[in-house]
Amino acid sequence: MSNETVPFSSTSMLQISDQFDHFQIKGHIAQGGMSDIYRAYDLLSGKEVALKIPDKSIIGDPAQYERFQRELEVMRTLDHPAIQKGLGSGRFNNTPYLVTELVGGESMRELVKRNTPLDPAKAVNLTRKIADGLAHCHDHDIIHRDVKPENILIGGDGQPVILDFGLALTKGSHRVTYANLSNTAGTPDYMAPEQIEGHRGDRRTDLYALGVILFELLTGRPPFTGDNHLAVMAQHLKGGLPRLDKVQPGVSPQLAAVVARCLRRDPDERYADMHALIHDLDNLDQVDTAILDEATQPNTVARFWRSPMMVPIGIAILLLAAIIALAFGLQALHK
Ligand SMILES: Nc1ncnc2c1ncn2[C@@H]1O[C@H](COP(=O)(O)OP(=O)(O)O)[C@@H](O)[C@H]1O
Ligand SMILES: [Mg+2]
């Protein structure tokens, strides 16, 4: 969603010009998975900020205040152009809230909708910048665990900014597990197989999600799709990956190999960390493409000709050809 202020909907809690603690509401920016984001003027600092206020569904949840505190703590641990900056948190009228720096630009979801398939060089460039931000998180022992275009803003200068550390895993954190938030976590399109299986996830879980994003940037759709969440999850666990260099014009085998490595089902077979991925994105000409043979499905035509069914079909065709040839031969003899 664009960060242009949109009119309040009737379900929005706050209205333009309302005062909420020391903030004056200027507009509703977006509705997230579990919260509403407002553009607000901070009467104390004299700056415009983004105010995150929990959705009605979780507003009475006593753990929410603590979650926002943690989200702020995570953001304060980090300092990187690709990471949203946290400014504060608080509670007003029993409603917890989180204050973050206002980011201009638009949601990456909008860019994906409008501009994909993206030129491979641009897709690589954008992915690399997001990988850089995630490497910074991982170097500080923070795993995001909810990397998806909805949680990334693209600034006017093209700089991606990763937000929403609501599900982030930090060293020693054990209270907020993925399991107890997964009901509200939204789309499974970016969920790694180990997350689907209920594991906490590690840096390679974020790497998988970034692989899904790169795939989507290159093709315009995520690699695993289905009619409902369960179908998508089943695809993540069992579905075959197409060879991007065969199905998507302009994608080199090297870039297809990078995507395939990010999307390996077994985390041990993915890149070990974001730095290894960044290295390959920066040196695409040196990427080994051997992985494509085992990590991707051959294209359907090739698979058809190589399928075991082709043996009896092949024999039948040969027999038929022999019979026809014989018939023609006999006919010729009779003349
Ligand atoms: N600081 C910000 N500046 C501009 N837009 C923001 C900011 N923070 C969030 N948004 C917008 O609000 C949406 C929801 O924010 P997010 O933190 O992901 O909430 P949730 O945890 O409910 O998913 C984002 O997708 C983004 O479009
Ligand atoms: Mg979100």
Suppose we keep only residues that are under 21 Å from R204 (Cβ atoms), of a type outside the set (A, V, I, L, M) and without any contact (Cβ under 8 Å) to a residue 60 or more places away in the chain within the range 269-288. Which one would you say is surrounded by the most Cβ atoms within 10 Å (Cβ to Cβ)?
D280
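Does D132 qualify as being away from ligand 1 (no atom under 16 Å from the Cβ), modelled with pLDDT of 95 or more, out of contact with any Phe, Trp or Tyr (no Cβ under 8 Å at 6 or more places or on another chain) and on the phi > 0 side of the Ramachandran plot?
Working: away from ligand 1 (no atom under 16 Å from the Cβ): yes; modelled with pLDDT of 95 or more: yes; out of contact with any Phe, Trp or Tyr (no Cβ under 8 Å at 6 or more places or on another chain): yes; on the phi > 0 side of the Ramachandran plot: no.
In short, no.
Within the range 42-52, how many residues are over 29 Å from the mean Cα position of the chain (by Cα) and surrounded by fewer than 17 Cβ atoms within 10 Å (Cβ to Cβ)?
Looking only at the range 42-52, we keep the residues that are over 29 Å from the mean Cα position of the chain (by Cα), and these are 42-47.
Filter once more, keeping what is surrounded by fewer than 17 Cβ atoms within 10 Å (Cβ to Cβ): 43-47.
Adding up the residues that qualify gives 5.
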Please pick out the residue among D55, D119 that is surrounded by fewer than 18 Cβ atoms within 10 Å (Cβ to Cβ), without any contact (Cβ under 8 Å) to a residue 40 or more places away in the chain and either more than 25 Å from R221 (Cβ to Cβ) or acidic (D, E) (or both).
D55
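The values are calculated or read from the model by the stated rules, or taken from the named source; none is laboratory data. Keep in mind it's a predicted model, so treat the numbers as computed, not measured. Positions of Cβ are backbone-derived with ideal geometry, glycine not excepted, and every protein chain shown enters the neighbour counts.
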